[in-house]
1. Which one of A:240, A:299, A:255 has its Cα pushed farthest toward the positive end of the charge dipole of chain A, where Lys and Arg give +1 and Asp and Glu give -1 at the Cβ?
2. Arrange A:106, A:117 by Cβ neighbour counts within 10 Å, fewest through most, would you?
3. With a Cα-only, solvent-free Debye model of chain B, what are the log10 I(q)/I(0) values at q = 0.11 Å⁻¹?
4. Give me the angle, in degrees from 0 to 90, between the Cα long axis of helix A:42-60 and the longest principal axis of the Cα atoms of chain A, rounded to the nearest 10.
5. Considering only A:99, A:52, A:37, whose Cα is most displaced toward the positive end of the charge dipole of segment A:25-106, charges sitting on Cβ of Lys, Arg (+1) and Asp, Glu (-1)?
6. When N counts the residues of segment A:2-232, how does its alpha-carbon radius of gyration compare numerically with 2.2 N^0.38 Å, as a ratio?
7. Tell me, what is the percent relative contact order of chain A, built from C-alpha pairs under 8 Å that lie six or more residues apart?
8. State, to one decimal in nm, how far the label point of residue A:103 lies from the label point of residue A:292, with both points 7 Å from Cα in the Cβ direction.
Amino acid sequence: MEEKLLFELDSVYRDNMRIKGFSFGKGEKSVCIVGATRGNEVQQVYICSQLIKIFRQLEKQGKIKENKSIMVVPTANSYSMNIAKRFWSTDNTDINRMFPGYNLGETTQRIAAGVFENVNDYEYGIQFTSFYMQGSFIPHVRMMKTGFENVELAKDFGLPYVFRREARPYDTTTLNYNWQLWETKAFSVYTNATDSIDVASAREAINAVLNFLNKNEIIEYSCHQGYVSQFIEGHTLVNVKSNVSGIFIRYKDVNTRVTKGDTLAEIIDPHTGLPVDTIKSPVNGIVFFHADQPVIYSQAPLYRIIPTDDLY
Amino acid sequence: MIQTIASVGLPIDETLMIKKNRLIPQSGLNGNEKRISIVTGTHGDELEGQYVCFELQRRIKENYSALKGIVDVYPALNPLGIDSITRGIPAFDLDMNRIFPGSENGSMPEYIASKIIGDLIGSDVVIDIHASNIFLKEIPQVRINELSRDVLVPYAKLINVDYIWIHSSATVLESTLAYSLNSIGTPTLVVEMGVGMRITKNYGDQLVDGIFALMKELGIWSGETAAPKTPIISEDGEVSFINAGSSGVFLPSVEHWKNVKKGDCIGKILNPLTGEVNETIFAQNDGIVFTLREYPIVSEGSLIARILA
């Protein structure tokens, strides 16, 4: 294992911020794995730390294939993590909206540039990231439709779903999008936790990465082969919202089969305790995402369901 | 007439409401009136537009008979942000000016964004007033995407700003309110002036003078107006950026909106722990300082100044 200092930010008031990469194997730059770019992405840091532990063992055992190298960057934003803030510690900008970065620009542009110049020439790029809304997903590989994405390759992770959605203007400054522009085959892996550690979900993500690297002949590793991934397009999911606000009592978890008319949740009046809305599933399907905040706004998306026929 | 253009229930006995005040001629509407919309408060820490909304209406009400068209005033597109001194949308930590045009079926911020767009469509001109952020002070200026220059520059020349900056197009900016409206044919000017969390009254008065001049041109106002000043117009190539090379406390040596010569000292970055100067910053070219660092604490990369050659 080689520990590299990718970028260092000096500070008068704090210890310097150091972004580190941990490399394994020698030769062509095969895969780069990036964890937290936001200060609350502790699950993402945990997953990277576990991968580093495993790659260290594999390297000792000679199981990283010849002429292949792997780099893991557990976090690009320790400053925010250390003060329990999601975005950049001073100006609240999002490092994952600053790629490819600019080394003469503002602070977070420089950080993004410092990371990107070290990660942009790998064949594969894997990012552990998080959604802007609080909630849980079925673990999946997420990709944007850029013209460079490769759905079949994403199935090599063996996660239950490969999810693709249209890229929006604000996506064009993410790491994933810029990786793709620089011809790295990029994937974002979502687990069902962000600001807490979910060990079971982390194991699933770790297994998926090892599975992918094994199938693409970067490491030699025997593990559970995972699922035959189902491909879903973002626009085919059914969104379920509530027209009222209140306390959100959730009855269905992710990865649960639901039938049209099933009660997914209730919204409770916070003063009287009476239900003010009962959220029913509009379709047969599988719960792909649910919100998990205790209180909700009206119009808030509460569930996203993968529609299925499920006639039995 | 105060109207609520979007509302969302908050969890505990409160409704988030986006409001506008519509001022119409005393004689009523005949259906042919022009309409100007003044929007501000997208970022909760930008307050310069609050005074403009007040002062514009105060002056109209002083001479109501001169009003010949519709004036819609939207002082707070992000009322929760303004009330809680939060730049983004509280609870979502989301920049509201990166989610337009929004979506009726999206999350709360996207839903509100779609309602705002829906209400602004059809305005003859929209003026979207921003106030930089807490870090930088700006002279009154209009920023125009090069794609909209032909439509917007004639309007921008009327609103009495010091400077018009025509900037290159960037995909990420396609999620702004102004881009979304301009792309569907509702001309929208983005005004930047002052500094976050403060109100600079003379800038506000200057812009209100300009809004009246524009309203007169559009046939919305028949009263007396001041002649707008002639703004400097420039493109990206004429603007240079100065960023901090080290962290510390920035102390400026120049005044805002003053000329500097190449080699002039812009300011120093001080180290309060050691008593040393970490960096002395010099102008790289002759020009006028139209953006100047206001917040003293800087990190490597913090923007210190923008100079127009």
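Every read-out reported here was derived from the displayed coordinates using simple, explicitly stated rules and does not represent laboratory data. Values in this document were obtained by computation on a predicted structure and should not be read as measured data. No Cβ is skipped: glycine too gets one built from the backbone with ideal geometry, and neighbour counts run over all protein chains shown.
1. Checking the options against the dipole of chain A, the answer is A:255.
2. A:117, A:106
3. -0.70
4. Relative to chain A, helix A:42-60 is tipped by roughly 40 degrees.
5. Among A:99, A:52, A:37, the one farthest towards the positive end of the dipole of segment A:25-106 is A:52.
6. 0.95
7. Result for chain A is 16 percent.
8. Rounded to a tenth, the inter-label distance reads 4.0 nm.
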